[in-house]
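Novice: Got a structure for you, questions after.
Taken together, the values in this text are just the output of simple stated rules run on the coordinates, not laboratory data. Keep in mind it's a predicted model, so treat the numbers as computed, not measured. Heads up, the Cβs are rebuilt from the backbone with ideal geometry, glycines too, and the neighbour counts pull from every protein chain shown.
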Amino acid sequence: MLTLPIKKKWFEMIRKGIKLEEYREIKPYYESRFSKLWQGSLIGGEAIREIKLKNGYSANAPFIIAECKLRIGKGKTEWGAEKDKEYYILDIPGIRETVKGSRNE
C-alpha cells in the first residue's frame, strides 16, 4: 500500500470529510509511485485504490486508509493548491479506516 505523509491541518480536514482531495506535484517521484499503483493508467480511469495518508513520519503517527481515484487537474486553493497549477489529484470518495497514533496530539 502506498503511504503518503500529510500535514495535520489537511489530515484532520480529510478525516472529518471536509477536504475531498489531496494534491501531489507532477514529478517523476509521484509518477513512478502512482503508475505502479494504478498499473500504468494514471488518468481517466474509475479505478479506486487504497492509500495510507499518514500525519507525519513517526512510526506512531495517526493515519487514514483512504479510497482514492487519481486524475490530473487544478486543485482548490482553500485545500492547499497553488492557483492555476496542475497536480496529481487524489479524489477521496471514502475513508475505510482511521487509526489514532500513540503520540500526544
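Novice: Report the normalised scattering of the chain as log10 I(q)/I(0) at q = 0.10, 0.17, 0.24 Å⁻¹, calculated by the Debye formula with identical scatterers on the alpha carbons.
Specialist: For the requested q values the scattering log ratios are -0.26, -0.77, -1.44.
Novice: Which lysines have a Cα lying under 28 Å from the Cα of residue 27, excluding residues fewer than 8 positions away in the same chain?
Specialist: 7, 8, 9, 19, 36, 52, 54, 69, 74, 76, 83, 85
Novice: To continue, here is another question. Using 0.36 nm per residue, how much length does the chain from residue 86 to residue 98 gain when fully extended, once their Cα-Cα distance is taken away?
Specialist: Result for the pair: 1.5 nm of gain on full extension.
Novice: In nm, to one decimal, how far is the residue 25 label point from the residue 50 one, both placed 7 Å along Cα→Cβ?
Specialist: 3.1
Novice: Another question, then. Using only alpha carbons, build the gyration tensor for segment 51-105 and give me the equivalent ellipsoid semi-axes, biggest first, whole Å.
Specialist: The answer is 25, 14, 8 Å, longest axis first.
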